[in-house]
Every structure is written in C-alpha cells, then in structure tokens.
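J.: Encoded as structure tokens, here's the structure I'll be asking about.
Readers should treat all values here as calculations from the given coordinates under stated rules, not as data from a laboratory. Small disclaimer: the values here were computed from a predicted structure and weren't measured. Note: ideal-geometry Cβ built from the backbone for every residue, glycine included; neighbour counts use all protein chains shown.
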Amino acid sequence: MNIPLAAMEQMNVDVAALVTKAQPTEMPDEERVARTKHVFMKRMSMGLAMNLESCINCGMCAEVCHFYMATQDPRYAPVRKFLPLRRFYRRELTPIRWINRLFVRDIRADDLKDWQELVYDSCTTCGRCDMVCPMGIGISETVRLMREGLAAAELVPSELQAVDEEQRENGTVLGIDSNQFKALVAELAAEGVNIPVDKQKADILVLSSAFNLRLFRNSIAGTAKILNKLGVDWTMSSRCFDASNFGYLSGDYPAEEMETLRIIDAARECDASVVIVPECGHAYMALRWGGANVLGRRPKFRTFAISEFIGREIQAGRLRLKTIGNGKSVTLHDSCQQVRHGGLLSEARMAIAALGLELREMESRGRTALCCGAGEGVNLINRAEPLRQKAFSLKMKEVDDTGADSLVTSCDNCRYNFLTGGAKAGWEMPVESLVELVADNLED
Amino acid sequence: MTLLDFALGPGLKWSLLIMIAGLTWRVVGVFLGRWRRDLSRPRSEAVVQGGLRTIITRSAPARELEKNIRFQHITGYIWHIGFFATVLLFEPHIAFFESVLGFAWPGLPSHLALVVAAITLAVLVMLTLRRMIHPVMRMITSTDDYVSLIIIISAMVTGIMASTHMFPRYETILAVHILNVELLFIWIPFSKLGHLFFWLLSRYRIGSYFERKGVKA
C-alpha cells in the first residue's frame, strides 16, 4: 500500500478544516425557494416526471439503503429524500396539478434547509434503491436533482462548497496545483517511472486526482507503468490533470459543466482519441456518462476508467500479468458509480482472474453492491462522520464474511473511506488498489 | 330511478369515462414533457430489450435485496393477485362482464372466491395497520395512501356483504358496492393508483436507462 501516515493525517486535518473555508452565503428565503424551483423546472424531463408520478410509497427502498439499514432511522428512507421535489412537481407540473394544489403545500426555505442533511450527508446516490423499487423509479437520479436544487439555493454543505469554490475559482482541488503535479512527475522520474507531460499530440490523455497526488501516488505511478509497458502514446496535462468534478458532487451544475468542458478541451488540444479517468467513481460518471450531455454532442474521444482500460487490454491479450495467487484470496469492492451506475461489472474481475487470485465475492456485489457509505462527497462532510461510520459497518461485515485475505477496490474515494473508516473501527483488512496490484505484477 | 339503476347506468358510464379520460390525460401529460436525449455513447444498444426485461424481472429482485423486503413482497403479491382474482373470477362479476362484453369465462366457485376475497381484505387491513405503525411507513404515507386504501377496503367489504347477503336489503348493498367501485374508478387517475399504468412505463424506463450502461436492472 505504501501510503505515508503523515500524508494521511494531513489529509484528515485538511478535510476537517474545509468547513471553515467556504464563503458565507446570505440569501433571502424567498430567493432560495425561487432558485430551487427554477432548477427543478429547468432540469425536469419526461424520465424524472415518470419517477415522480410512479411512487406508491411502499417503503421498500428504505430496506436496501445502507443509511437506513444501519440506523433504522425512518428519515433516511430514500423516497423521502426527494419529497420537496415531489411536492413541487405535484403542485406545478403534473397534469393533475390543479387538484393537487388543494392538498399539497408549497415548498418552503425551511424544507430546503432541513433536506440538506438528507440529500448530502445521508445519500451517496449509490442507486441500490434503484434496483429494488417495484415501480422502477430512478431514485438516485431524482435525489441528484434535489442536490442541484439545493446547490442553486446555496445550501451545499460547507465542506463541499469550499472545494467546489476552490476548483471553480482557482482550478485546484484540496490545494493541489500544477506545480505540485510537476514535482510529483519529477519525483517519479527519479524513481524510474516516466510520465510524458504536455505532449502536443498523443493518443491517450490520462487524468489523475487530488486524492492520488496527496495520498495514492503509487496509483499514478502504477498507471504510468502499465501504459509504458503497453507502449502506447500517452500524456498527462500539467494544466488539466485532475478528473475530480466537485460541481458534479455538490450539484452545482454550472461548475460541473465548466469542469467537464475543461477536460474535453484538454483532450482536444492534444488530439486524444482516448481519455483515461483514474480510480474515481464520480469522475468516471461525470465524464463518461455526463460529458456528451454537457457538450451537446459526443466528444471525439472515448472515456475509459483505468480499471476498464486494464480489463480491455487483458482481454485483448496485450496486457499480461504474473500469476501471484499462491492460495491468496481477495474480495472486490464495486464502486457504486463505476459499477452499478457505470456498467463496469467485469473488468476488475478480469484483472483479478489474470493475477490468479481467488476472488471471494461479497453477498452484495455488482449491480446490488453495498456502498461503503462515503461516495458522492459524503467523505468530506465532517458532521456526517458518525452516520458514515455506521453505514460503513455494514460493508465491513460483508467484507469480513468473505474470509478473504485482502480487499481490492478501484475507487480512490472508497479506498480512502476503507482506510480512515477502518482505522477508526480498528479493522485490519488490507486494502489494495486494483491499478497498483496490476502495475506491481506486470509480466516481464 | 333507484340507487341501483343509477349505479348501473349513469354512475358506471361517467365513472369509467372519468377514469379513462383522467388516466389518458395524466399519461399523455407526462409524455408531453421534455424528452432529454442521452448523448453519451451507449455500452449496450439493446435498450428496448433491457426495458422489457426489467418490466418482468423487477417482479423478483435479486436475492440479496429481496431478503430485506420479503414481507412487503409476499403481502404485495397476495393482495394484488387476490384483488384481481376476486374482480375477474367471481361469478357475479363475470356475469356483469358478460352483459357488457358479450362473452364469459370460467370463474371460481363462490365459496372459494369468498375465501380469496377475505384473505385479500385481511392482508389489506394488515398493510393499512402497518402504514400506521411502522416508522418508515408512517413517515412517508400521505393522505392519498389512506384514501386509496379506504376506497379499496370498502369496495371489498361491501362486495363481501353483498355476496353473503349480510345486509337485509340486497339491492341497496349491491348499489353501494357498485358506487364504491365507481368511486375507485374516479379516484384512480387522481391518485397513486395511477400506478395501474405507470408501473409499466417506469419499469421500462429504468430498465432501458441501465441497459444503456450495460447493467441489467
């Protein structure tokens, strides 16, 4: 793993301090409500309308939500998390709104303030509820629109707001700028790992993240080793190396657009036909599935998560790995955004199989995998820590039940949560990155 | 005109008309909404198959999810199957459908139909009580839920009363039962009972949405 303890501790300190860095927001209540309604109206679609029409209040979504399962607190029922949006829809948009106005009260600023905890702290938009709803409601996408509504009303939790502002205004995330990126590239070069930077033309543009730079530098090194081994034409951009999209995480859609377009521009500049996103669930969702919709057309390049790229190369026979099994078993944590929402169901498993490791699957995996409790920015919200830890305990149990020797994941955010949450719980399960595992075992 | 004449005449005609017009308006209204084309490159092109598959497979979610909702799942099946069996297989109902449609089909023996109706009613009452007691259900339940339950339960109760001659004036209780059912017709388009149609649409939609990403929902 080789994660310096000091870097981890500093990261925890910096995350804890985020709450003080957000710019104070003052907005009259009427304006908050008006802005939220404007976003709800603007972003409404036929699909979302179907979600809001179909709910029968059966409560089944609660029974598979890690936050409800861990606490039995009825407030965390997923269906309840988009109640203000539902109220708005029933009063303003549904074809039978003229009747509903008699019975359904309008949304108030207090509703929006009360819903902040439900929409941000206690929902990772993991989408497990999407897989059980008997009506087939896309609950997670509906909660995402709630986030957009709250972001427009400037009701994003301070920590997320702080990083969103930092990225929007300075182009950095958690203080990581291009100088630090270049310093890391130089450091790795001294260790014999070559990263081509700012090539004018390259087939592949590789992105990283502030998490990687601060904590998981071996993940960047590993990516470089794999690409160099494959002999492909690749580069990283010193101006656009971070795939994180805090606009996407916080529901700040204009910022999401800006961050996505920044990456698309960087890919255009070097004429890349492929963009590789690091081990990061939300970054994959924002670019792979959101990029074309932000741009208004399909970009020229194709987007792959690094785990997806590895899986494809293994399948094509271009990437060969050493068999390191020797009776060692692992279990795989499926990142909700990459796997359930992103469709990367088999790629990481291909790599594990190629390494000859025994894969011990968790009870909930693939499309029904349990979230680790920290996705979609929940990791950074300080006050959510006790709740996050409770949800995490469900994950720990599923991992422990496999009896595997170690846990593999291909999401830095999940990995950070496994490390910090695990440390708090005194959990000793080794946590490994898929990329690092693959990079350490490339066939000579 | 007696109450029964009204129930079988204008009451039936208008309630059906309101139901059909209301449901059509509600469904068409949703389809008139903004359709956002997803421009991302699909992982799977089989979105129609994915949607159709989910309409069926969502009736039996993955085991690791189903184990958490077994009670709701089983009771949901019992009451939906019991309700439609009572509506479609009770001999007096079949006789009514025959008078309208001109053809009939085999029904359940009346005592068996009554047992089915009684079990369905018992499950519905139990689910209503659960709505009032269970913390999650209490928190998410709306007036719509209770009104829908009351209308359905009373339709079942009046139907059982009429078929067992528990009420001294058969024609009156029959008229009340039919009016109750007509109230249900009128209520459907304005309530959550609109899921009568929406379940197909939303299941299809989520199935195709995830299929596009290569995930079987």
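J.: For peptide A:89-95, compute the average count of partner chain beta-carbon atoms within 10 Å of each residue's beta-carbon.
T.: 3
J.: Over the protein assembly as shown, what per residue volume does the convex hull of the Cα atoms give, in whole Å³?
T.: 163
J.: What Kirkwood hydrodynamic radius do you get for segment A:160-244 when you take the inverse of the mean 1/r over all pairs of distinct Cα atoms, in Å?
T.: Values: mean 1/r = 0.0756 Å⁻¹.
Hydrodynamic radius (Kirkwood, Cα pairs) of segment A:160-244 is 13.2 Å.
J.: For residue A:168 and residue A:106, FRET efficiency with R0 = 35 Å and r from the beta-carbon atoms, rounded to 0.05?
T.: Result of the calculation: an efficiency of 0.65.
J.: For segment B:66-166, max minus min Cα coordinate along each principal axis, in Å, sorted largest first?
T.: Principal extents (Cα only, largest first): 47, 28, 25 Å.
J.: If you don't mind, another one. Convert each backbone phi in segment B:44-60 into a coupling constant with the Karplus relation 6.51 cos²θ - 1.76 cosθ + 1.60 (shift: θ = phi - 60°), then list the ³J(HN,Hα) values in order as whole Hz, x for Gly and Pro.
T.: 10, 8, 7, 5, 5, 4, x, x, 5, 4, 5, 3, 8, 5, 5, 6, 9
J.: Given a Förster distance of 22 Å, report the FRET efficiency between residue A:397 and residue B:63 from their Cβ-Cβ distance, rounded to the nearest 0.05.
T.: Details: r = 17 Å, r/R0 = 0.78.
So the FRET efficiency works out to roughly 0.80.
J.: First obtain the Kirkwood hydrodynamic radius of segment A:211-295 from its Cα pairs, then insert it into the Stokes-Einstein equation at 25 °C and 0.890 mPa s, and state the resulting D in µm² per second as a whole number.
T.: Estimated diffusion coefficient is 180 µm²/s.
J.: Now for a separate question. What's the average, rounded to a whole number, of partner chain beta-carbon atoms within 10 Å of each residue's beta-carbon in A:35-46?
T.: On the way: counts 0, 0, 0, 0, 0, 0, 1, 1, 2, 3, 5, 9.
Neighbouring Cβ atoms belonging to other protein chains average 2 per residue here.
J.: What does the average come to when, for each residue of peptide B:32-39, you count the partner chain Cβ atoms lying within 10 Å of its Cβ?
T.: Other-chain Cβ atoms within 10 Å of each residue's Cβ, averaged: 6.
J.: Consider just the alpha-carbon atoms of segment A:319-439 and return their Rg together with their Dmax, both in angstrom.
T.: 13.9, 45
J.: Related question: Fewest Cβ neighbours within 10 Å first, please rank B:64, A:308 accordingly.
T.: Ascending Cβ contact count within 10 Å gives the list B:64, A:308.
J.: Further, regarding this structure: Does segment A:29-155 come out rounded, prolate or oblate by the C-alpha gyration tensor, with a ≥ b ≥ c the root eigenvalues, rounded set by a/c under 1.5 and, if not, prolate when a/b is larger than b/c and oblate if not?
T.: Numbers: a/c = 1.74, a/b = 1.27, b/c = 1.37.
Taking the square roots of the gyration eigenvalues as a ≥ b ≥ c, segment A:29-155 is oblate.
J.: Based only on other Cβ atoms within 10 Å, what is the fewest-to-most ordering of B:79, B:14?
T.: Ordered by Cβ neighbours within 10 Å, fewest first: B:14, B:79.
J.: Neighbouring Cβ atoms within 10 Å as the yardstick, rank B:145, A:111, A:106, A:252 fewest first.
T.: A:106, A:111, B:145, A:252
J.: Ranked from highest to lowest mean number of other Cβ atoms within 10 Å per residue, what is the order of the peptides A:343-352, B:175-184?
T.: The most tightly packed comes first, giving A:343-352, B:175-184.
J.: In debye, nearest 20: dipole of chain A around its Cα centre with unit charges on the Cβ of K, R (+) and D, E (-)?
T.: Here the size comes out at about 1300 debye.
J.: Taking θ as phi - 60°, what are the ³J(HN,Hα) couplings along segment A:241-257 by the Karplus curve (6.51, -1.76, 1.60), each to the nearest whole Hz, with x for Gly and Pro?
T.: Going residue by residue, I get 10, 9, 7, 4, 9, 6, x, 4, 5, 8, x, 7, 4, x, 5, 4, 4 Hz, with x marking Gly and Pro.
J.: Order the peptides A:327-333, B:36-42, A:309-315 from the highest to the lowest mean number of other Cβ atoms within 10 Å of their residues.
T.: Top to bottom by mean Cβ count within 10 Å: A:309-315, A:327-333, B:36-42.
J.: Something else: Could you pull out every residue, at least 5 positions away or on a different chain, whose amide H is within less than 5 Å of the one on residue A:303? Hs are placed 1.01 Å off N in the peptide plane, and Pro or chain starts have none.
T.: A:275
J.: P(r) for segment A:168-313: what percent of alpha-carbon pairs falls in each 10 Å bin, starting at zero?
T.: 12, 46, 35, 7, 0
J.: Using amide H atoms built in the peptide plane, which far-off residues or other-chain residues are under 5 Å from residue B:68 H to H?
T.: none
J.: What list of ³J(HN,Hα) values in whole Hz, one per residue of segment B:159-165 in order, does the Karplus curve 6.51 cos²θ - 1.76 cosθ + 1.60 (θ = phi - 60°) give from phi, with Gly and Pro shown as x?
T.: x, 5, 4, 5, 6, 9, 6
J.: Which entries in A:201/B:213; A:37/A:81; A:395/B:67 show an alpha-carbon gap greater than 19 Å?
T.: Those over the limit are A:201/B:213.
J.: Based on DSSP H runs of at least 4 residues, each adding -39500 (n - 2.57), what is the mean residue ellipticity at 222 nm of the protein assembly as shown after dividing by all its residues, to the nearest 500 deg cm²/dmol?
T.: The helix contribution divided over the protein assembly as shown gives -17500 deg cm²/dmol.
J.: Using a Förster radius of 25 Å, what is the FRET efficiency between residue A:180 and residue A:16 based on their Cβ-Cβ separation? Nearest 0.05, please. Don't skip to the end; give the middle numbers.
T.: Working: r = 21 Å, r/R0 = 0.83.
In this case the efficiency is close to 0.75.
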